[in-house]
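The structure appears below as structure tokens.
The values are calculated or read from the model by the stated rules, or taken from the named source; none is laboratory data. For clarity, every value in this text was computed on a predicted model and none was experimentally measured. Methodologically, a virtual Cβ is constructed for each residue, glycine included, from the backbone with ideal geometry; neighbour enumeration extends over all protein chains shown. SASA here: full protein model, heavy atoms, side chains in, ligands and nucleic acids out. Shrake-Rupley method; radii C 1.70, N 1.55, O 1.52, S 1.80 Å.
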Amino acid sequence: MFPKILSSEKQKIFPTLFGFLFLLITLLVFFLDIATRDIIAFDIFYFPSIMLITWYLGDRPGRLLAVLAALLWFCAQLDVGFSTNLQTLLLDGAVHWFTFALVSWLTSLVHKKAMQLETATKELARSNLELELFSGKAAHDLQSPLATILGFAELLKEKYQDSGDEATKDFIERIINSVKRLSAFIKALLNYANVKKPEVSTPPVELEKIVKEVIGDFHFLILQKKAEVICDSLPVLSINPGLAGLLFQNLIGNAIKYCEKEPRIHISAVCKGKEWLFSIQDNGIGIPEESRKRIFIMFEKLATRQKYPGSGIGLATCQKIVERYGGSIWVESKPGEGSTFFFTLPAG
């Protein structure tokens, strides 16, 4: 539609170049009008001149060019004898001037809105960056005092282990559980904040090896819930191994957690042209259709999942990781039968 808004340095140079270039085009159109004696054929070429000069040089040069274009058109009309009726000619010239002025005004309006949008976008990006830095720093600084609280609470638990004060033991147990939940939440928040950290390069990673390591981390939970995790052959892709591990950890962990029977999980991948399509299928509680997009929202937890512990950040982190590499993530599910999470990653 319009040229991309240039940086402030380039905007000091290019407007003049564009202005002269399209002023020459406008004059060329004028002479073509006269030479070919065909006014209608070249009228349309006045518009890009007016639009681009207004866009790069501002309102006043655009309005001046609109007047100039109308005068040139009027002079060309007189020269070729297009109309012998002066009143009609003046009216037609006024219509052309109004049209050119309207184009200049609309271009100026769009340009102002574009500049406002660019400013708002930069401000939003700055605000998001500050928020991510703050959340990451706050979460990191909270870990140390939480570890201290947990340590003292566990010491109290040992001290009152053999006492008959059941109320005190219950209070201590509640403190420990609350601190552990808060610690898990802070860890999830840190993971989310760290997804966008810049990285120098992303060497090829064996995703099958990453998945096996993740499955190993869930070894005791798998034994406890009598889960079965099957992993097909997975590709070697250029992705941060830490982020890849976090992605599979969240998805496999959810598949084990949100299941009220013996979990059956199948992980596979298939090449679809320039990207790989991954799927993680489970036989868990499933997700209602109206909630399948909401689950990727930060801190969003479904009513059916309230009885399961969690931060509500895991799937938002997965989405952020996948989108970082230009992929997408979604879920297909039948409540009571299970879910299949799909995500794509570039093959290159």
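Largest accessible area first, the listed residues 301, 334, 159 line up as 159, 334, 301 when surface is computed with a 1.4 Å probe on the assembled protein chains. Pairs exceeding 25 Å between alpha-carbon atoms, taken from 187/212; 226/293; 159/225: 226/293; 159/225.
Counting protein heavy atoms only, the stretch 246-296 has 46 percent of its accessible area on carbon and sulfur, 1.4 angstrom probe.
Rounded to the nearest 0.05, what FRET efficiency do residue 158 and residue 292 have when you use their Cβ-Cβ distance and R0 = 51 Å? Approximately 0.65, to the nearest 0.05. Electrostatic bookkeeping for residue 334 treats Lys and Arg as +1 and Asp and Glu as -1; over the other residues with beta carbon under 14 Å from its beta carbon, the sum is -4. Ranked by the mean number of other Cβ atoms within 10 Å of their residues, highest first, the peptides 221-234, 54-67, 281-294 come out as 54-67, 281-294, 221-234.
How much accessible area per residue does the stretch 228-348 have, counting only protein heavy atoms and a probe of 1.4 Å, in square angstrom? List each step's numbers first, then the result.
Details: 5510 Å² over 121 residues.
About 46 Å² of surface per residue is accessible.
In the assembled protein chains, residue 219 presents an accessible area of approximately 90 Å² (probe radius 1.4 Å).
Remark: spin-label model distance residue 113-residue 128 equals 2.2 nm, labels positioned 7 Å along the Cα→Cβ axis.
Computed extension gain for residue 67 through residue 166, at 0.36 nm per residue and net of the alpha carbon distance, reaches 26.5 nm. Phi-derived couplings, Karplus 6.51 cos²θ - 1.76 cosθ + 1.60 at θ = phi - 60°, listed residue by residue for the stretch 161-171: 4, 9, 7, x, 7, 5, 4, 5, 4, 5, 4 Hz, with x used for Gly and Pro.
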